[in-house]
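Bear in mind these aren't lab numbers, they're just calculated from the coordinates by the rules spelled out. Computed from a predicted structure; not experimentally measured. Note that we place each Cβ from the backbone using ideal geometry, even for glycine, and neighbour counts take in every protein chain shown.
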Amino acid sequence: MLSYIVRRLLYTPLIVVGVLLVTFLLFRVVQGDVSSDIAGKNASPETIAEIRKEYGYDKPLIINTEAARERGVLAVFDSQFFHHFKSALTLDFGRSRSKQKISTLLMEGAIPSLSLTAPIFLGLLITSVSLSMLVALRRGGPFDTSVVVVCVMGMSLPILATILFGQYFLAHKLGWFPVFGYEPGLAGAKYFVLPALLGMLAGLGGDVRFYRTVMLDEIQSDYIRTARAKGQGTLRILYKHLLKNAMIPIISKVVLAIPFLFLGSLLLERFFGIPGLGYLMIEAIGARDSQVIMALTFIISILFVLGNLATDVCYALVDPRVSLN
Amino acid sequence: MTAATTEFVPPSASAGRSLWYDAWLRFKRNKLAMVMLGVVLLYVAVGIGVAAGWLTADWKESVGPSYAAPSWEHPFGTDIFGQSVFRKMIYGTKISLSVAFFASLLSIGIGVPMGAAAGFFRGVVDEVIVWLYSTLSSIPGLLLILAFAYALQGTSLFGFKLTGITSVYLALGLTSWVGLCRLIRGEVIKHKDRDYVTAATAYGASKTRVIFRHVIPNVTHLILIDFSLRFVGFIHAEVILSFLGLGAKSEPSWGVMIDDARLELSRGYWWQMAAATLAIFGISLALNIAGDALRDALDPKIRT
């Protein structure tokens, strides 16, 4: 088990390097020099040169042989490639096009984002697991069939439609929720209710369908029959026996769901004016601010890698079979 | 024992049904899935019709006042320029299906050979390919697609300028092969020690031949199942990319229609939004149901 954990730990830096290579390839090699784009149409050559210098486009891509000849061997690393690695690993991403420090922007965006995704995440988990257990209990019956039909329909609805129609009818027309806005602290909670509900609604179909299959696999097991034969109540069977045994697939799914939470919040934040990371991303795409997009991609990926690592290590600690693979 | 002299008579062999025919028979029994397959084929026919210029080539034409409500003449009303929303909806089919088609093509073209190579050769090749897809799958899906689409926008490839929808093809294709590659790798590892592979190697088939003529045909049904369900993801991704301004530019797509409709909705002009939603919902529902039925029909493990 220890060797598994050590192997897993050693693999993580390799993945981080991979993510850095992908972002470098995308934003420095494929996209290349965007300084004239940043400067605008009527910029003077001096302004463009200044921007090129600030973002490092004036340096060679991989190695700087010219600087090495002038300033010694170590200057060979004075290239876009090594600056990309350095800025990512020191979490110093420079400034955005609006002249704000990107690391500050990221930290400020994290709180509103989490205040939206955390309730969606928990609410979705509790609702979909409970619902799927109830459905699995009545397998093949009219309740089961109608839930499956509704789930497939929910999965087919584009998320943009859920958000836009939900905002239009529930906030605009009926006035049950504020349409738009943000306030830090508890006073702002009212602005989060509708986006959180819509986020849950968008994810419910797929989740219930997934957990239903998991529960169906378990509910035919002998231990359920034994529990029934002992005369235990339905609720106790569901939460005490079934849920415990279904925990491993649930945990895997929960970790895999984290990146999708970002997708939900990306669009939700945009429509409900919540100044989180998703909002930042969409603004950056609109402003063609590559540095911000790069920083966001890197940070979220690293969080995801660390989350995955933590889950795998927990698995190995909880379930001895895992380390055999 | 004199019976030993009796000549061995092989049991009369009737031609067996192939996996595909067998699956088709099972699929056909599912009435709902057949209807949904019909819906998918209808969308495909419409998409081809638009691409060939037979349908709604005149979508640009102004047919009435701006924001005319739905009527018999204009089933989904008109937009700000007085263009028929119905025609735009029909035209959007082409964009949506072409994205799903090209992204799938690219993703199969990368994922299948890489997965097969990793599973068959193992060793260093396997390590590198696994590292590559582990890296890509560490970047959350939509973020990766957005980053690709954003970076590819406006760049040129082999002298061919990537504008709007072509960068969406590439972004989706280059990011979606990961799941397929992992699937094929796992299957090839399972298959490579089977007798038929040993037999093929024994009579001198080359490695490439073993992979492409013997192993891949045995996993084709998995590719098909994977893609029937992945198509829905491609269609929804195109909508989000176009909506964010990273997709179609000068032609109507369902995502562009939703983007236009965003501001119209608060003024009570709901029809453009409704048309795009309905179009996306229809093809997604059909693909979801037909895809599930296809999996039930093709996957021998859950045969009853």
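Just round it to a whole percent: the fraction of Cα-Cα distances in chain A exceeding 35 Å. For chain A, the fraction of Cα-Cα distances above 35 Å is 40 percent. Summing Cβ point charges (Lys, Arg +1; Asp, Glu -1) relative to the Cα centre of chain A gives a dipole of roughly 1040 debye.
Within the shell defined by Cβ-Cβ distances under 11 Å, the residues around B:I108 carry a net charge of 0, with Lys and Arg each +1 and Asp and Glu each -1. Mean partner shielding of peptide A:150-156, defined as the number of other chain Cβ atoms within 10 Å of each residue Cβ, is 4. Label point of B:E73 set 7 angstrom out along Cα-Cβ; within the stretch B:44-60, amide nitrogens under 20 Å from it belong to B:56-60. Close Lys pairs in chain A (alpha-carbon distance under 26 Å; sequence gap of 8 or more, or different chains): 17. Within the shell of other residues whose beta carbon sits under 14 angstrom from the beta carbon of B:W177, the net charge comes to +2, with Lys and Arg scored +1 and Asp and Glu -1.
Rg then Dmax, both in Å and based on the Cα atoms of the stretch A:109-268: 18.0, 55. Applying the criteria of a DSSP loop state and at most 12 other Cβ atoms within 10 Å to the chymotrypsin sites (Phe, Trp or Tyr not before Pro) of the stretch B:87-195 yields B:F158. Inter-label distance, A:L2 to B:M34: 6.4 nm, where each label sits 7 Å from its Cα along the C-beta direction.
With the Kirkwood sum run over all distinct C-alpha pairs, the stretch A:2-89 has a hydrodynamic radius of 15.1 Å.
Can you tell me, using C-alpha contacts under 8 Å and at least 6 residues apart, the relative contact order of chain B as a whole percent?
Working: 373 pairs, mean separation 72.4, N = 304.
Across chain B, relative contact order equals 24 percent.
Against the longest alpha carbon principal axis of chain A, how many degrees, from 0 to 90 and to the nearest 10, is the axis of helix A:2-24 turned? It is inclined by approximately 50 degrees. Our note on the geometry: Cα centres of the stretch B:185-220 and the stretch B:237-291, 44 Å apart.
Only helical DSSP H runs with n ≥ 4 go in: add -39500 (n - 2.57) per run for the protein assembly as shown, normalise by residue count and round the 222 nm mean residue ellipticity to 500 deg cm²/dmol.
Helix contribution divided over all residues of the protein assembly as shown: -22500 deg cm²/dmol.
Counting Cβ atoms of other protein chains within 10 Å of each Cβ in A:158-166 and taking the mean gives 6.
Ordering A:R97, A:R52, A:R71 from the fewest to the most neighbouring beta carbons within 10 Å gives A:R71, A:R97, A:R52. Within 10 Å of the Cβ of each residue in A:25-32, the mean number of Cβ atoms contributed by other protein chains is 4. Where is the GNM fluctuation largest for chain B (alpha-carbon springs, 10 angstrom cutoff): B:A275, B:A248, B:A69? Maximum among the listed residues: B:A69. GNM remark for chain A: springs join alpha carbons under 10 Å apart, and the peak mean-square fluctuation among A:L21, A:L267, A:L174 falls on A:L174. Here the calculated FRET efficiency for A:V313 and A:R236, from their Cβ-Cβ distance with R0 = 35 Å, stands at 0.65, rounded to the nearest 0.05.
Please list log₁₀ I(q)/I(0) at q = 0.10, 0.14, 0.18 Å⁻¹ for the stretch B:38-166, using the Debye equation with identical point scatterers on the alpha-carbon positions. Scattering profile of the stretch B:38-166, log10 relative to I(0): -0.55, -0.87, -1.11. Short-range pairs are left out: with C-alpha atoms under 8 Å and at least six residues apart, the relative contact order of chain A is 24 percent.
For the stretch B:197-304, which chymotrypsin sites (Phe, Trp or Tyr not before Pro) are in a loop by DSSP, counting at most 15 other Cβ atoms within 10 Å?
Sites meeting the loop and neighbour criteria: B:Y203.
Could you work out how far helix A:247-272 tilts from the main Cα principal axis of chain A, as a 0 to 90 degree angle to the nearest 10? Approximately 60 degrees, to the nearest ten. Shown here are the Rg and Dmax of the Cα trace of the protein assembly as shown, at 27.3, 105 Å. Just checking the listed ones, B:G53, B:G245, B:G233: in the Gaussian network model of chain B with Cα springs under 10 Å, the one fluctuating most is B:G53.
Based on DSSP loop calls and a cut-off of at most 13 other Cβ atoms within 10 Å, the longest stretch of chain B free of exposed GluC sites (Glu not before Pro) is what?
Details: sites that count: B:E7, B:E61, B:E73.
Segment B:74-304 is the longest.
Screening chain B for whole DSSP H helices with an alpha carbon extent of at least 18 angstrom along the helix axis and a mean Kyte-Doolittle hydropathy of at least 1.6 yields B:31-51.
Each Lys and Arg contributes +1 and each Asp and Glu -1, all at the Cβ; summed about the Cα centre of the protein assembly as shown, the dipole is approximately 1420 debye.
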